[in-house]
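Take a look at the structure set out below.
The values are calculated or read from the model by the stated rules, or taken from the named source; none is laboratory data. All values reported here derive from a predicted model rather than from experimental measurement. Virtual Cβ from ideal backbone geometry, glycine too; neighbours counted across all protein chains shown. The protein model used for the area step is the full one, side chains on, heavy atoms only, and it has no ligands, DNA or RNA in it. Shrake-Rupley method; radii C 1.70, N 1.55, O 1.52, S 1.80 Å.
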Amino acid sequence: MVALTATAPARPRKLLASRRTRIGILYALPVVVYLLMLFVYPIFSTLLLSLKNTDGSFTLHWYAEALSGVNLSVLFTTLRISAETALLSLVFGFLLANAISRLKPLWAGLAMLVVVVPHFISALVRTYGWIILLGDKGLVNESLAGMKLPGAPYRLLYNEIGVVIGTTSMMLPYTVLLLYGVMRGVDRRLLAAA
């Protein structure tokens, strides 16, 4: 046991001492520098620009302005809609992934196709589809009015409800794909034992 812990720190040095590793690092260096210039430099230059006043002096004025008044309420609305979208995507994604993971492989593949294929359709086309479905004379409101629900037709477009429905539909395939991969590996005997 003592011999294993004594040799553990020496291993990275030994790895870097090999000629092959040094050549690999040398080959990767231009790509790493390029990516640093492409991603890191613009982020830090924008951050430094945000800390300068119009005359070039240091200021936090822009951050104070961004975190006050209307901007703060917009930030909280964005965070609330994001949380609602995440929660709905998680709930519906869990239910869908759980149902799909219980299907036979052929039916599971077809169900995953139904979940994923709409994601490949243009966002503009999907948006128009939601407008047709959720409009005042859309399929959803006509169905709700046909069931004689009080207050139907509901206003489902151009408000927070419509935004949450749209963003949830955009995020749902990702959630289902992530959860399905995990749920497929769960032994069904564990569920029966629980």
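Which angle from 0 to 90°, rounded to the nearest 10, does the C-alpha axis of helix 105-116 make with the longest principal axis of the chain?
90
Taking the Cα centre of each part, how many Å lie between the range 33-76 and the range 124-194?
36
May I ask you to evaluate 6.51 cos²θ - 1.76 cosθ + 1.60, the Karplus curve with θ = phi - 60°, for each residue of the range 145-159 and list the ³J(HN,Hα) values in order in whole Hz, giving x for glycine and proline?
For the range 145-159, the Karplus-derived couplings read 5, x, 7, 6, 6, x, x, 6, x, 8, 8, 10, 10, 6, 8 Hz, x marking Gly and Pro.
Accessible area per residue for the chain in Å², computed with a 1.4 Å probe and the full protein assembly in place, what is it?
Accessible surface, normalised per residue, equals 78 Å².
Just to confirm a number: summing +1 for Lys and Arg and -1 for Asp and Glu over residues other than Ile132 whose beta-carbon lies under 14 angstrom from that of Ile132, what do you get?
Spelling it out: positives minus negatives among the neighbours equals 0.
Given H placed on each backbone N at 1.01 Å, which residues far from Lys52 in sequence or on other chains put an amide H within less than 5 Å of it?
Residues meeting the amide H criterion: Thr59.
Would you tell me the accessible area of Asp187, worked out with a 1.4 angstrom probe on the heavy atoms of the protein chains, in Å² to the nearest 10?
60
Given H placed on each backbone N at 1.01 Å, which residues far from Gly135 in sequence or on other chains put an amide H within less than 5 Å of it?
Here nothing satisfies the definition.
Within the chain, what is the longest stretch that has no trypsin sites (Lys or Arg not before Pro) placed in a DSSP loop and near at most 13 other beta-carbon atoms within 10 Å? All intermediate terms of the calculation are to be shown ahead of the outcome.
On the way: sites that count: Arg102, Lys137, Lys148, Arg155, Arg184.
Result, exposed sites excluded: 1-101.
Rounded to the nearest percent, how much of the accessible area of the chain (1.4 Å probe, protein heavy atoms only) is carbon and sulfur?
75
Round to the nearest 10 and give me the degree value, 0 to 90, for the angle of helix 123-134's Cα axis relative to the longest principal axis of the chain.
30
If you take the square roots of the eigenvalues of the alpha-carbon gyration tensor of the chain and sort them as a ≥ b ≥ c, do you get rounded (a/c under 1.5), prolate (a/b over b/c) or oblate?
oblate
Roll a 1.4 Å probe over the protein heavy atoms and report the accessible area of Phe94 in Å², nearest 10.
Approximately 100 Å² of Phe94 is accessible to the 1.4 Å probe.
Of Val31, Phe92, Val74, which is farthest towards the positive pole of the chain's charge dipole, taken about the Cα centre with +1 and -1 on the beta-carbons of Lys, Arg and Asp, Glu respectively?
Ranked along the dipole, the leading option is Val31.
Have a look at the range 128-183 and give its Rg and Dmax from the Cα atoms, expressed in angstrom.
Cα only, the range 128-183: 14.3, 42 Å (Rg, Dmax).
Compute, for Glu65, the solvent-accessible surface of its heavy atoms (probe 1.4 Å) with the complete set of protein chains present, and express it in square angstrom to the nearest 10.
90
With runs of 4+ DSSP H residues as the only contributors, calculate the mean residue ellipticity of the chain at 222 nm using -39,500 (n - 2.57) per run, divided by the residue total and rounded to the nearest 500.
-23000 deg cm²/dmol
Relative to the Cα centre, what is the charge dipole magnitude of the chain, using +1 at the beta carbon of each Lys and Arg, -1 at the beta carbon of each Asp and Glu, and rounding to the nearest 20 debye? Let's see the in-between values first.
On the way: 17 positive and 7 negative charges, 259 e Å.
The dipole of the chain has a size of about 1240 debye.
What angle, in degrees between 0 and 90 and rounded to the nearest 10, separates the Cα long axis of helix 69-101 from the longest principal axis of the Cα atoms of the chain?
Between the helix axis and the principal axis of the chain, the angle is about 80 degrees.
In whole Hz and in residue order, list the ³J(HN,Hα) couplings for the range 33-50 that follow from phi through the Karplus curve 6.51 cos²θ - 1.76 cosθ + 1.60, θ = phi - 60°; x for Gly and Pro.
For the range 33-50, the Karplus-derived couplings read 5, 4, 5, 4, 5, 6, 10, 6, 4, x, 5, 5, 5, 5, 4, 5, 5, 6 Hz, x marking Gly and Pro.
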